[in-house]
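Handing you this structure, nothing more for now.
The values are calculated or read from the model by the stated rules, or taken from the named source; none is laboratory data. Quantities reported herein were computed from a predicted structural model and do not represent experimental measurements. Virtual Cβ from ideal backbone geometry, glycine too; neighbours counted across all protein chains shown. Accessible surface areas use protein heavy atoms only, side chains included; no ligands, DNA or RNA. Shrake-Rupley method; radii C 1.70, N 1.55, O 1.52, S 1.80 Å.
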Amino acid sequence: MTGHHVGELLLNFALLFALTYLAAGLLERVRIPGILGALLVAMIVHYTPIGQHLLTPEMQVPISLLAELGVLFLLFFIGLQIDPGEMRGLSGDIIWLTILNTVFPFLLGMIVMLTLGYSWILAFIIGLTRMPTAEAVIVPILDEFKLIRTRVGSFIIGAGVLDDVIEVILIAIVSVWIGKRTGDATGSIAGIIVGLILFLLISFIGYRWLIPLLARWLPRRPRNLIFLSMVILLALGGMTEYTGLGMVVGAVIAGVLMRPAFNSMGEIGSRAIQTIQSVSYGFLGLFFYLWVGLSVDLGGIADNPKLTILLYLAGTLGKLIGVFIMVPMKRMNFREALVVGVGLDARLTTEIIVAKLLLDASIIDVGLFTALVTAASFTAVTVPFAFALLVRKWGEELRA
């Protein structure tokens, strides 16, 4: 990018941040997290000349990079707040939740595709795209309402992390299916398995020996602790993204691994956490929500409304049905189930990645591609606001 392009990009960001600041003030007055102002502003700007300019290929690269850094920081901060002991206490319920909230969207997705006359194999693949959750969209709102260390927070984060495993399997299945046409059908799965084993080994070594040793290498100061955190975050995030596991897994696990080091430093650790939170929610995290809003084009509903609505309902109703089965099982109450079901309905990245892979391989047409992307975009926009309204109403009970 030339100096002119950089200056233009910075001015556009300045405008987006200024509008987000004003929108955040209005949202906070009705007790909705201000960070959603970035999503609202970007959705509106999408249909203006500025939005179209920011969506050009030369602008997409820096915006996407900043958005990915935003996801890393947001989820690293969330990982710092996770207590593995508390999560283990709900592990059985989280496994049940993950199974139920993925099976039903999958089945409904398959039924929709088969009813519309698509083949069994394509119906199977599209059914899989109804399953994953884009927890990066919803988890920061959990934190804004102080719900991370509650049952609802544990359910959404735990099921979301397990969903990431499903996302990896989904992308691997699609890659293998496409790879059969080129004669390379095993490379992606082998790479993921090796990457997972290597990741688990490095995480164990880091947690037991490496991180405690490195934490004592420099004087005990907040900036040094943050420095070490960035090394661990970028290393694990980069490794999981490179091997196909997804940087979301790396970011959350990096936070969990670093938590003992923060706790051991008392006040220094608390100040470092406050700094990371400020950078995440006041700067980099905003880029993620701006990127989501700019990527949303709800006009796609008009191109094929029936298919788009059916795909959307298959995912949304499937999630809610799966979660509400936990109520008669006595593992959740009604309000918990509704909040968790709405929170787990956010979808975005995996759905779009799979749709793009299928379109590039000429397996689906532009109409189906547009319907998949639009259905995902609609959840990415509606779920955060619906979730915030529910939590605003029942937050005290959920925290108790």
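Under the rule a/c < 1.5 gives rounded, and otherwise a/b versus b/c splits prolate from oblate, where does the range 51-165 land using the Cα gyration tensor? Write out the running numbers ahead of the final one.
Numbers: a/c = 2.90, a/b = 1.08, b/c = 2.67.
Oblate is the answer for the range 51-165, as a/c is 1.5 or above yet b/c matches or exceeds a/b.
Pop out the ³J(HN,Hα) list for the range 388-400 in order, Karplus 6.51 cos²θ - 1.76 cosθ + 1.60 with θ = phi - 60°, rounded to Hz; leave Gly and Pro as x.
Result, rounded to whole Hz: 4, 5, 5, 5, 4, 6, 10, x, 4, 5, 5, 5, 6.
At a Förster radius of 56 Å, what calculated FRET efficiency corresponds to the Cβ-Cβ distance of residue 365 and residue 209, to the nearest 0.05?
Step by step, r from the Cβ atoms, then E = 0.60.
Ok, one more. Go ahead and run the numbers for FRET between residue 218 and residue 198, Cβ-Cβ distance against an R0 of 35 Å, rounding to 0.05. Before the final figure, lay out the partial values.
Working: r = 27 Å, r/R0 = 0.78.
FRET efficiency, residue 218 to residue 198: 0.80.
Right, another one. With a 10 Å cut-off between alpha carbons and a GNM built on the chain, which of 266, 250, 343 moves the most?
Looking only at 266, 250, 343, the biggest GNM fluctuation is shown by 266.
Further, regarding this structure: With springs only between Cα atoms under 10 Å, which of 40, 116, 233 fluctuates most in a Gaussian network model of the chain?
For the chain, modelled as a Gaussian network with Cα springs under 10 Å, the answer is 116.
Under a point-charge model restricted to the Cβ atoms of Lys and Arg (+1) and Asp and Glu (-1), what is the dipole moment magnitude of the chain relative to its Cα centre, in debye to the nearest 20? Walk me through the numbers on the way to the answer.
Values: 26 positive and 25 negative charges, 214 e Å.
Around 1020 debye, computed over the chain.
Let me understand the range 188-333 better: what is its radius of gyration from the alpha carbons, and its Dmax, in angstrom?
So, for the range 188-333, Rg and Dmax equal 20.7, 61 Å respectively.
Then there is this: Cut-off 10 angstrom, C-alpha nodes, Gaussian network model of the chain. Which of 70, 315, 117 fluctuates the most?
117
Roughly how many whole Å is it from the C-alpha centroid of the range 305-325 to that of the range 364-380?
Spelled out, the Cα-based centre of one part sits 14 Å from the other.
Take 36, 228 and sort them by solvent-accessible surface of the protein heavy atoms, 1.4 Å probe, largest at the top. Kindly include the intermediate steps, with their values, before the conclusion.
Details: 36 0, 228 20 Å².
Order by accessible area, largest first: 228, 36.
Moving on to the next point. Multiply the residue separation of residue 29 and residue 385 by 0.36 nm, subtract the distance between their alpha-carbon atoms, and state the gained length in nm to one decimal.
On the way: separation 356, 0.36 × 356 = 128.16 nm, distance 1.44 nm.
The span from residue 29 to residue 385 would gain 126.7 nm if fully extended.
Can you tell me, using C-alpha contacts under 8 Å and at least 6 residues apart, the relative contact order of the chain as a whole percent?
Details: 556 pairs, mean separation 108.9, N = 400.
About 27 percent, as a whole number.
Still on this structure: Ignoring ligands, DNA and RNA, how do 207, 281, 242, 118 rank by accessible area with a 1.4 Å probe, largest first?
Ranking 207, 281, 242, 118 by accessible area, largest first, yields 242, 207, 118, 281.
Still on this structure, I have one more. Going through the range 35-80, which chymotrypsin sites (Phe, Trp or Tyr not before Pro) have at most 13 other Cβ atoms within 10 Å and a DSSP loop state?
Working: sites: 47, 73, 76, 77; in loops: 47.
Taking the range 35-80 and a limit of 13 other Cβ atoms within 10 Å, the loop chymotrypsin sites (Phe, Trp or Tyr not before Pro) found are 47.
Assuming 0.36 nm per residue, please report the length gained on full extension of the stretch residue 11 to residue 52 beyond their Cα-Cα distance.
Working: separation 41, 0.36 × 41 = 14.76 nm, distance 1.51 nm.
Answer, rounded to one decimal: 13.3 nm.
Additional query: Taking the Cα-to-Cβ direction at residue 270 and at residue 393 and moving 7 Å from each Cα, how far apart do the two end points lie in nm?
3.6
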